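All remarks here apply to the structure that follows.
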Amino acid sequence: MSTENARGVLLLSHVGFSFMEDLLGTVTARGLKGYVLSSLPEPQHQTSRPATLADIAADVRVTTGHVLTVRDVEDYLDQLRAAGVAVQCCLTVWEGYRHLMALANARLGVPDLEEKQVLDLRDKRTLRNRLADAGLSRGRASALTPETLAERQREGGRYFVKPVSGIASFGTFPLTADTTWTDVERIAAEARSDTVYSSVFAAQPGSGDPVGPGPHAHPAVEEGVDPGAGSDHGVAGGMEFLVEDYVPGREFSFEVIVVDAEPHVVAVHEKCQVTETAGTVLENACVSPPTSLSQEEIAAGIRWVTSVLDVLALDWGCFHVEARHAASGWDLIEVNPRVGGSLISPSVAALTGGPGLLDLWLDSLLAAGRPAGFSKALKSLSFAADGTTQGRNATFFRVFFADPGTIRAVRLNDDLPLPPVVSQVLLKPGDVVRSSSREVFLGQVLWRMDRADRDAVLPRLLPASEHAIEIVYQRERG
């Protein structure tokens, strides 16, 4: 381990991934070193990923378990201190390690959320009802059991089912008259066997339970969960589900940096294409700033987000607040104490013409000793209270999901109305996609345009973008 000029940032990686290349680039661009603590990668990545990270990080430590623990973080901080490294802060985009990040920053004296606050945000049932009590949500949530499932179906209203602690829309779906408890148990069984997100869904959150965004995450299977245990108590296959009042309206997300209890809404993304299926919700495309909101409606959204953060006492950090807007006003989907997944951070960079959301989150941690100066700079990039923004750019991005099958060919299409500024293909020929109740990312593409031209460009770009990534599957032999 090199300790020359050893001021650096501790980065927590889940099984070798979690946007490490992006994070390390952000850290080194600030003249700091990146120190990576990773849980054990899956077998197919146990040689390649540590070697890849070692080429770009100052040091890489890989644990013997597939999930990081408090002890792992404390031991590595002790090793770094003994080696003379001055760790400035800790950062992770993997939400299941967000409480470990909070614990590490507390030890380092860096302002951040408390561990309990992070874990409380994972309990979506309690969070929904807490905000309903405060008048900030019109819906309520209950534990999903065979009995409550039948009760809601008899009532005939609109309800939504989701894991109490979940990720990536896995197992989230509208309740219908055809939904059965067997369907819920099937989803729970998929979660337990899913090598990407299995240990996210423990019935009770605790140290080491991983949750996080995006396609760069590959956790291993959690052992010791009885897939049939507890179904009479609303727990199916080690997963606890909730049923909540359906929240109507169009979907949006607020990208927020909070510094010393002052929230800054850096961007608002409108989910201009969302597909609800029997087992998940696919968020296909986003545009920013929103096209369907007036300045007054954006201002109302900013006030609502500020009230949500205030009620929850979330006075430091980066938040991806997902919400819906209808004629009745704003309502919550969920509060994520991290950057949004997919291309949210690059979209922010394209909007600002400079820093992305990862940059701003890291800078907010590094600026802990001078929050006033950073807040002033952040304010110049953010929405004003009246719903206006100084930015002249607009962005549009589309996320592509794969269907079950074996991929024969996949490529980017260069015949588009506007060339993209970011394009990623995440799968390759020969990859096999299994049927699942979670989204399987194929790729994602981001475009930037002048805000004044957006209304002319977007109607052409929106349909054309559906073919930005072209994929061919192998024909099954009959």
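The values are calculated or read from the model by the stated rules, or taken from the named source; none is laboratory data. A quick note: this is a predicted structure, and the numbers were derived from the prediction, not measured. Please note: Cβ atoms are built from the backbone with ideal geometry, for glycine as well, and neighbour counts cover all protein chains shown.
Give all pairs with beta carbons closer than 6 Å in which a residue from region 462-478 that is within 19 Å of Arg408 (Cβ to Cβ) meets a residue that is polar (S, T, N, Q) and modelled with pLDDT under 95; count only pairs at least 6 apart in sequence or on separate chains.
His467/Asn413; Ala468/Asn413; Glu470/Asn413; Gln474/Thr406
Can you tell me how many residues within region 44-61 are in contact with a helix residue (DSSP H, G or I) (Cβ under 7 Å, 6 or more places away or on another chain) and surrounded by fewer than 19 Cβ atoms within 10 Å (Cβ to Cβ)?
Residues flagged as in contact with a helix residue (DSSP H, G or I) (Cβ under 7 Å, 6 or more places away or on another chain) and surrounded by fewer than 19 Cβ atoms within 10 Å (Cβ to Cβ) within region 44-61 amount to 2.
Restrict the check to region 435-458 and report whether at least one residue is part of a helix (DSSP H, G or I), β-branched (Val, Ile, Thr), closer than 21 Å to Gly391 by Cα and not assigned by TED's automatic domain parsing to the domain that holds Val287.
yes
Confirm whether Ile302 is part of a helix (DSSP H, G or I) and in contact (Cβ under 8 Å) with a residue 60 or more places away in the chain.
Yes, satisfied.
In region 22-31, is there at least one residue being within 23 Å of Asp75 (Cα to Cα), among the small types (Gly, Ala, Ser) and under 25 Å from the mean Cα position of the chain (by Cα)?
No, there is no match, as no residue in region 22-31 is within 23 Å of Asp75 (Cα to Cα), among the small types (Gly, Ala, Ser) and under 25 Å from the mean Cα position of the chain (by Cα).
Among the residues of region 432-452, is any more than 27 Å from the chain's Cα centre (by Cα) and in contact (Cβ under 8 Å) with a residue 60 or more places away in the chain?
There is at least one residue in region 432-452 that is more than 27 Å from the chain's Cα centre (by Cα) and in contact (Cβ under 8 Å) with a residue 60 or more places away in the chain.
Collect the residues in region 251-289 that are at pLDDT 95 or above and in a loop (DSSP other than H, G, I, E, B), keeping them in residue-number order.
Across region 251-289, the qualifying residue is only Pro289.
Could you please find all residues in region 163-194 being under 19 Å from the mean Cα position of the chain (by Cα) and either at pLDDT 90 or above or on the phi > 0 side of the Ramachandran plot (or both)?
If the condition is that a residue be under 19 Å from the mean Cα position of the chain (by Cα) and either at pLDDT 90 or above or on the phi > 0 side of the Ramachandran plot (or both), then Ala168, Ser169, Gly171 are the ones that fit.
Would you mention how many residues in region 345-363 are modelled with pLDDT under 95 and touching a strand residue (DSSP E or B) at 6+ places or on another chain (Cβ under 7 Å)?
Summing the residues that are modelled with pLDDT under 95 and touching a strand residue (DSSP E or B) at 6+ places or on another chain (Cβ under 7 Å) in region 345-363 gives 1.
In region 137-148, is there at least one residue being outside any loop (DSSP other than H, G, I, E, B) and under 20 Å from the mean Cα position of the chain (by Cα)?
no
Tally up the residues in region 64-82 that are modelled with pLDDT under 95 and more than 21 Å from the chain's Cα centre (by Cα), please.
The qualifying residues number 2.
Return the only residue of Val110, Val73, Val93, Val87 being closer than 22 Å to Arg338 by Cβ, aliphatic (A, V, I, L, M), surrounded by 14 or more Cβ atoms within 10 Å (Cβ to Cβ) and in contact with a His (Cβ under 9 Å, 6 or more places away or on another chain).
Exactly one of Val110, Val73, Val93, Val87 is closer than 22 Å to Arg338 by Cβ, aliphatic (A, V, I, L, M), surrounded by 14 or more Cβ atoms within 10 Å (Cβ to Cβ) and in contact with a His (Cβ under 9 Å, 6 or more places away or on another chain), namely Val93.
Answer yes or no: is there a residue in region 102-109 that is under 18 Å from the mean Cα position of the chain (by Cα) and either outside the structural domain of Gly356 (by TED's automatic domain parsing) or touching a residue at least 24 places away in the same chain (Cβ under 8 Å) (or both).
Scanning region 102-109, I find at least one residue that is under 18 Å from the mean Cα position of the chain (by Cα) and either outside the structural domain of Gly356 (by TED's automatic domain parsing) or touching a residue at least 24 places away in the same chain (Cβ under 8 Å) (or both), so the answer is yes.
Every residue in region 304-343 that is β-branched (Val, Ile, Thr) and touching a helix residue (DSSP H, G or I) at 6+ places or on another chain (Cβ under 6 Å), please.
Val321, Val335, Val339
Restricting to region 216-250, give me the number of residues that are modelled with pLDDT under 50 and aromatic (Phe, Trp, Tyr).
Within region 216-250, residues that are modelled with pLDDT under 50 and aromatic (Phe, Trp, Tyr) number 0.
Consider region 347-364. How many of its residues are closer than 20 Å to Arg454 by Cα and in a helix (DSSP H, G or I)?
Of the residues in region 347-364, 6 are closer than 20 Å to Arg454 by Cα and in a helix (DSSP H, G or I).
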